[in-house]
Each structure stands twice: as C-alpha cells, then as structure tokens.
1. Take region 6-30 and flag every residue that is open to solvent by 90 Å² or more (accessible area, probe 1.4 Å), of a type in the set (A, V, I, L, M, F, W, C) and under 28 Å from the mean Cα position of the chain (by Cα).
2. Taking the stated definitions as given, is LEU41 at pLDDT below 90, aliphatic (A, V, I, L, M) and surrounded by 11 or more Cβ atoms within 10 Å (Cβ to Cβ)?
3. Take the conditions in a helix (DSSP H, G or I), closer than 28 Å to ASP255 by Cβ, within 25 Å of the chain's Cα centre (by Cα) and at pLDDT 85 or above and apply them to GLN34. Does it pass?
4. Is it the case, given these coordinates, that LEU150 is outside any helix (DSSP H, G or I), closer than 22 Å to THR74 by Cα and open to solvent by 20 Å² or more (accessible area, probe 1.4 Å)?
5. Given the residues ASP64, ASP56, which is the only one that is charged (D, E, K, R) and out of contact with any strand residue (DSSP E or B) (no Cβ under 9 Å at 6 or more places or on another chain)?
6. Report whether or not VAL223 is at pLDDT below 85 and either charged (D, E, K, R) or surrounded by fewer than 18 Cβ atoms within 10 Å (Cβ to Cβ) (or both).
7. Of the residues that sit in region 230-261 and are of a type in the set (S, T, N, Q) and open to solvent by 10 Å² or more (accessible area, probe 1.4 Å), which one is modelled with the lowest pLDDT?
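The values are calculated or read from the model by the stated rules, or taken from the named source; none is laboratory data. Predicted, not measured: the structure shown is a model, and the values here were computed from it. No Cβ is skipped: glycine too gets one built from the backbone with ideal geometry, and neighbour counts run over all protein chains shown. Surface areas here come from the heavy atoms of the whole protein model, side chains and all, with no ligands, DNA or RNA. Shrake-Rupley method; radii C 1.70, N 1.55, O 1.52, S 1.80 Å.
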Amino acid sequence: MQKQAIFQSKLLPYALVAPQLAIVLIFFYWPALQAVIQSFLLQDAFGLSTTFVWFDNYVELFRDPAYFEAIVRTFVFSFAIAVSSLSFALLLAVMADKPLRGSMLYRTLLIWPYAVAPPVVGVLWIFMLHPSLGIIARYLRAIGVDWNPLLDGDQAATLIILAAAWKQISYNFLFFLAGLQAIPKSVLEAAAIDGARPMRRFWTVTFPLLSPTIFFLLVVNIVYAFFDTFGIIDTMTRGGPGTSTVTLVYKVYSDGLLGGNLGSSAAQSVILMIMVIVLTGIQFRFVERKVTY
C-alpha cells in the first residue's frame, strides 16, 4: 500500500510550487515571449523608434546565405560534439567501473572538469593550443603540423569541438557510470557462463541496457551543443577566422549585441528555439523506439 501525502490546506501545494513557477515564468517564459514580440519589430540605429514589420525579419534571414551556413555549421558542431563526448565518456565509465585500485580517485578526477565554466574552458584550451604560446601547439609544429587556428578555419572548428566535448565528458561520465553500476551483475555473469567474450558481452548485454541513459544524454548533449557552447566560442575564436566558427547561438549574439539588429537577433533566437524543440521531438519520436527500458 503506497503512502499518499495529505495537506491540511488546499493552498499549501500551490504555495510550495509557486517559487519554482515564478522562476520559470520570469526567467524562461517571459524572455521567450519578449523575443517573439521583438522578432516582429524593427528599430532604428539609435533605438528611438520601432516599426512593426510582421515577418520581414524572418524573410531576410532566409534570404541570407550566411544564416544557412551557420545552420549547417551548428549541426556539424552538434553532431561532432555529441558523438565524441559520449564515446569518450562511455569508454572512461567502462574503465572506471572495473574493480581497480584507486578507482575512487580516478572517478573524482574525471568529474572535476564539469565544474569548469565554459569561458574558462576556452581559456585553458587556448593556453594549450595557441599557435605562439600553446604547449601542445609547439609539439604539433615540431612533428611538422602547420597548426594555426587563428588563420585556418578548419583547425579553429576542430579546436572548438575538442574544448566543448572535453567540457561535457564529465557530465556524461557520471550518468554512464551510474547506469553501468545499475546493471545486475548476474546478467553479465550469465553471459560469461554462456561463453560470451568481454567485447560481445558489452555490445549484446551492457550497451542495450544502457540505451535509456544514452538516449537521455543524446538529447542533453544536442541541447548543450546548440546553446552552451557560446562561452567557449566567444573566448577562443569570437566566431573567426572569418565566420568559420559562427554557430546559430553566436550569430544571435553578434547580430543583436554587436550589430545592433535586435529584430533579426530575436527572430534567430525564435528559430533556434523551434529547431531545438523539433529536433528533440524527432529524437523522442524515432530514436526512443530503439530504447529498451
């Protein structure tokens, strides 16, 4: 028999959730509503007059080739960041799940990078891979690699992907490790008795049982790559060289704050929000079918 909470007052449950609802309304829904309203407006360069222009901001966006380039670049970044961070996190979690001496220290050290803020992550990787000052960059030049992300757009994009994936590995590691520890040892022992080798046990037993965790992390990593990489890009490349590392979220910032085109920036933020919602819906609609709960 399950216990059910009984409140003495009918207003008490609403009072308990009111602070959280207030935070969501003030800091999430209200800014989103303001962005939608702003996307239909056009301001002059000095912000003294505002004109209602309907969908003109959206039409101008879809006529801009640079915007479509930013869309493609964002999807490429998101795919690369999600795949690399999930793969390395799963590998590290499998290694940390083994009964090794000092495993607790190993797990603690792997969790630490998650506490580092994205701009700090950008600074750390710049110190390591700056073409003039970076320690790793010197070794790359010593072995004949012409490393200069300040001038090479592909190298700058690679640097962003590495830094963003490294930042997210710790988060993924926590969930993968918890998922591995939740798998019954009896199931793995039964597979071993049947003659399945470690690699076969992983792909036929462990990996399918981790599918709920993988699906959850896939959604989280896609959202992370779309939004939370702004601090890394702004610190490391500021969208350069040229526009080779300008993603959708960074274009919202550059066009709005730096370019002063608030209407276009708001329209871009609305489109970005819709894209993430649609992408998440597609994942739940099709990817979740292959998840074993």
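1. Of region 6-30, the ones open to solvent by 90 Å² or more (accessible area, probe 1.4 Å) are 6-8, 10-11, 14, 16, 20-21, 25-30.
Among the residues that remain, those that are also of a type in the set (A, V, I, L, M, F, W, C) are: 6-7, 11, 16, 21, 25-28, 30.
Passing the criteria: LEU21, LEU25, ILE26, PHE27, PHE28, TRP30.
2. In short, yes.
3. Taking the combined requirement at face value, the residue satisfies it.
4. Values: outside any helix (DSSP H, G or I): yes; closer than 22 Å to THR74 by Cα: yes; open to solvent by 20 Å² or more (accessible area, probe 1.4 Å): yes.
Yes, satisfied.
5. Going through ASP64, ASP56 in turn, the sole match is ASP64.
6. No; evaluated as a whole, the condition is false for this residue.
7. Initially, region 230-261 is screened for residues of a type in the set (S, T, N, Q), giving 235, 237, 243-245, 247, 254, 261.
Adding the requirement that they be open to solvent by 10 Å² or more (accessible area, probe 1.4 Å) leaves 235, 237, 243-244, 254, 261.
Numbers: THR235: 92, THR237: 90, THR243: 87, SER244: 90, SER254: 90, ASN261: 84.
The qualifying residue modelled with the lowest pLDDT is ASN261.
Quick grid of which residues meet (1) part of a loop (DSSP other than H, G, I, E, B); (2) farther than 27 Å from LEU177 by Cβ:
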| position | (1), (2) |
| --- | --- |
| TYR58 | no, yes |
| PHE68 | no, yes |
| VAL76 | no, yes |
| PHE79 | no, no |
| SER85 | no, no |
| PRO99 | yes, no |
| LEU110 | no, no |
| ILE126 | no, yes |
| PRO131 | yes, yes |
